[in-house]
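A short reminder: the numbers here are calculations on the coordinates, not readings from a lab. Remember, predicted model here, so these are calculated numbers, not experimental data. Cβ placement follows ideal geometry from the backbone for every residue including glycine, while neighbour counts extend to all protein chains displayed.
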Amino acid sequence: MTLLYFARHGETDDNARLVFQGQGGKGLNARGRAQARRLGERMRKARITTIISSDLERAEETARIVGNACSVVHSVDPDLREVDVGRWTGKSHEDIAELYPEEWAAWSAGLDVRRGDGETYAELAVRIERAVARIVAMDVRDPILVVSHGGSIKSYVSKLLGVSAEGLRALAGVGNCGLTIVEHDTRGRVRLHAWNDTAHLEGLLVEEQTD
């Protein structure tokens with residue numbers, strides 16, 4: 001059995017400003033680092049011995065902070081990156097609504113559109129599945145921490161549950177440093193054990209933010 005703890009990265013200034021980061025963006029802000037330290041405390045108690053993260057700065061910084069708490073050096077997998085939002089990268093909600101009104105309206109309505117010529121959520125789910133398959137194939141017996149992104153985690157779990165990309169919004173948002181736990185058992189079954197567990201983040205939670 002392989003138990004995967006999926007964690008979204010800690011908060012960034014772009015998250016707080018509702019700016020789309022996609023595969024761009026920078027590292028954590030002060031609250032994000034505090035969130036990552038809380039996550040580290042929880043993962044130390046879970047006896048995490050393997051940490052794999054997206055190679056984007058905000059995810060790697062989160063993984064390093066958690067790794068310091070657990071005495072684990074993380075590795076990276078680019079397939080764990082956030083969805084590519086193309087020309088939306090670095091722009092605020094207001095900017096997008098003005099510059100790309102048709103795409104904004106479609107996305108706001110829950111349609112799986114290719115934002116700014118980037119990726120769709122369906123394509124993202126396939127990419128994340130590919131990364132998860134490699135991680136599970138490592139056959140690590142202790143729980144594994146996978147540090148990724150809100151859109152990535154939602155897309156993976158939605159596909160796991162048989163929810164279409166257009167049905168992503170049936171799942172609540174993933175909080176910064178919130179945990180989603182998935183089990184891959186020896187019979188090939190995959191089970192969701194927890195969604196967006198934020199019990200370790202008391203006093204540090206914020207509203208759902210942009211991917």
Report summary line: Pseudo-spin-label distance Leu161 to Arg134, built 7 Å along Cα→Cβ, given in nm, is 2.7
Report summary line: Other residues with Cβ under 11 Å from the Cβ of Val190 give, with Lys and Arg +1 and Asp and Glu -1, a net charge of +1
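Only four residue types carry charge here, +1 at the Cβ of Lys and Arg and -1 at the Cβ of Asp and Glu. Report the dipole size of the chain about the Cα centre in Debye, rounded to the nearest 20. Present the calculation step by step, with values, prior to reporting the outcome.
Details: 28 positive and 32 negative charges, 193 e Å.
The dipole of the chain has a size of about 920 debye.
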Query raised in the report: How much length is gained on full extension from Leu205 to Met1, taking 0.36 nm per residue of separation minus their Cα-Cα distance?
Result: 70.3 nm
Query raised in the report: Which FRET efficiency value, to the nearest 0.05, is calculated for Arg191 and Glu94 with the Förster distance at 30 angstrom and r the Cβ-Cβ distance?
Result: 0.15
Report summary line: Amide H proximity to Ser53 below 5 Å, modelled H, separation 5+ or other chain, gives Ser75, Val76, Asp77, Val147
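Antiparallel versus total DSSP beta bridges in the chain: what percent is that, nearest 5?
Details: 12 of 23 bridges.
Around 50 percent of the beta bridges assigned by DSSP in the chain are antiparallel ones.
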Report summary line: Per GNM of the chain with C-alpha springs under 10 angstrom, the most fluctuating residue out of Pro143, Pro101, Pro78 is Pro101
Requested in this report: Give me the lysines in straight-line cross-link reach of Lys91: C-alpha distance below 29 Å, same-chain residues under 8 apart excluded.
Outcome: Lys26, Lys154, Lys159
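For n ≥ 4 DSSP H runs only, could you compute -39500 (n - 2.57) per run for the chain, divide by its residues and tell me the 222 nm figure to the nearest 500?
Numbers: 7 runs with 77 residues, N = 211.
Helix-only estimate at 222 nm: -11000 deg cm²/dmol.
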Query raised in the report: When only C-alpha pairs under 8 Å and at least 6 residues apart count, what is the relative contact order of the chain, in percent?
Result: 32
